[in-house]
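Written below as structure tokens is the structure these notes are about.
The values are calculated or read from the model by the stated rules, or taken from the named source; none is laboratory data. Everything numeric here is computed off the predicted structure, so don't read it as measured data. In this analysis, Cβ positions are derived from the backbone assuming ideal geometry, glycine residues included, and neighbour counts consider all displayed protein chains. When the accessible area is computed, the model is the full protein with side chains, heavy atoms only, and any ligands, DNA or RNA have been set aside. Shrake-Rupley method; radii C 1.70, N 1.55, O 1.52, S 1.80 Å.
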Amino acid sequence: MSRRRRLFASAAGLIGFLLLWEATLRSGFLPGTLVPLPSSIPGVLAAEIRDGIWQTMVLSSFRHYAIGLALGSSLGIVVGVAAALLPSFNALHAWLARLLRPIPPLAWIPFAIIWFGITPTAAAFIISIGVFWINYFASYSAVEAIDPGFNEVAAAFGQSRVDRQLLKVTLPAAAPGILGGLRAGLGQGWMTVVAAELFGITGIGQRMMEASSLLATDIVVVYMLTIAGLYAAIDATFMMVQRYLLRWQPS
């Protein structure tokens with residue numbers, strides 16, 4: 001199937017789903033209190049923007065997201081690469097990683113509140129935890145999978161220093177896997193940001209909780225679609241950056 005046909009089929013599927021949703025509610029098959037009419041969503045979004053609520057919530061959530069993503073990703077990559085390159089360091093923290101990894105980020109909410117209070121820092125902390133483990137394991141696996149022969153070839157060409165092998169061999173060879181972890185972290189961050197704001201921090205999560213308590217499902221859907229749109233834009237931008245960074249790879 002050509003690209004144009006795939007786009008047409010995807011658009012047709014989405015439009016068909018929305019029409020079915022609208023028809024189901026208007027026919028009374030489902031009560032309007034459960035989900036809103038799709039046709040009402042643009043008007044609700046316009047009202048949220050007109051009142052300045054949408055901008056405030058999105059900017060607040062994006063700040064939490066950006067800080068948590070930057071912190072969790074950078075630490076995850078550094079620790080993951082170090083664990084793969086330094087067996088002693090890997091052995092030292094291996095059991096600790098196995099102990100902490102299964103704990104979901106939301107389980108840290110009580111400690112986040114105790115340590116940081118109900119502040120944006122608490123939300124960024126929770127987001128960073130979820131992003132950290134994705135980048136940690138992706139980076140660790142990517143470095144572990146590098147063919148040892150690459151370093152031998154580098155040494156034969158006079159690149160035997162550890163820092164040179166790291167910059168010229170290890171990181172370029174592991175880049176696809178590391179960037180794959182970064183991309184997965186982009187999505188994990190948005191999935192966590194809403195839950196991180198449910199306990200009173202200004203943002204999309206707080207607005208959705210307020211709306212749900214009033215049974216304003218149309219507002220809830222507006223912010224669900226907002227999250228989807230923000231992630232789609234960020235993911236598309238990241239993919240362009242990734243293609244540029246990996247332009248040396250054969251197509």
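Could you please state, rounded to a whole Å, how far the C-alpha centre of the stretch 208-250 is from the C-alpha centre of the stretch 29-74? Cα centroid to Cα centroid, the span is 10 Å. Of the residues Leu20, Leu100, Gly203, the one whose Cα sits farthest toward the positive end of the charge dipole of the chain, with +1 on the Cβ of Lys and Arg and -1 on the Cβ of Asp and Glu, is Leu20.
Quick check: convex hull over the Cα atoms of the chain, volume per residue in Å³, rounded to an integer?
Details: hull volume 43.8 nm³, N = 251.
Taking only Cα atoms, the chain has a hull volume of 175 Å³ per residue.
Think of the chain as a dipole: +1 on every Lys or Arg Cβ, -1 on every Asp or Glu Cβ, centred on the Cα centre; then among Ala91, Leu215, Met57, Ala91 lies furthest on the positive end. Where the accessible area of the chain is counted over protein heavy atoms with a 1.4 Å probe, how much of it, in %, is carbon and sulfur? The value for the chain is 71 percent carbon and sulfur by accessible area.
Most tightly packed first, judged by the mean number of other beta-carbon atoms within 10 Å of their residues, the peptides 95-101, 189-195 read 189-195, 95-101. So which residue, out of Asp218, Asp235, Asp51, gets the largest mean-square fluctuation from a GNM of the chain using Cα contacts under 10 Å as springs? Among Asp218, Asp235, Asp51, the largest GNM mean-square fluctuation belongs to Asp51.
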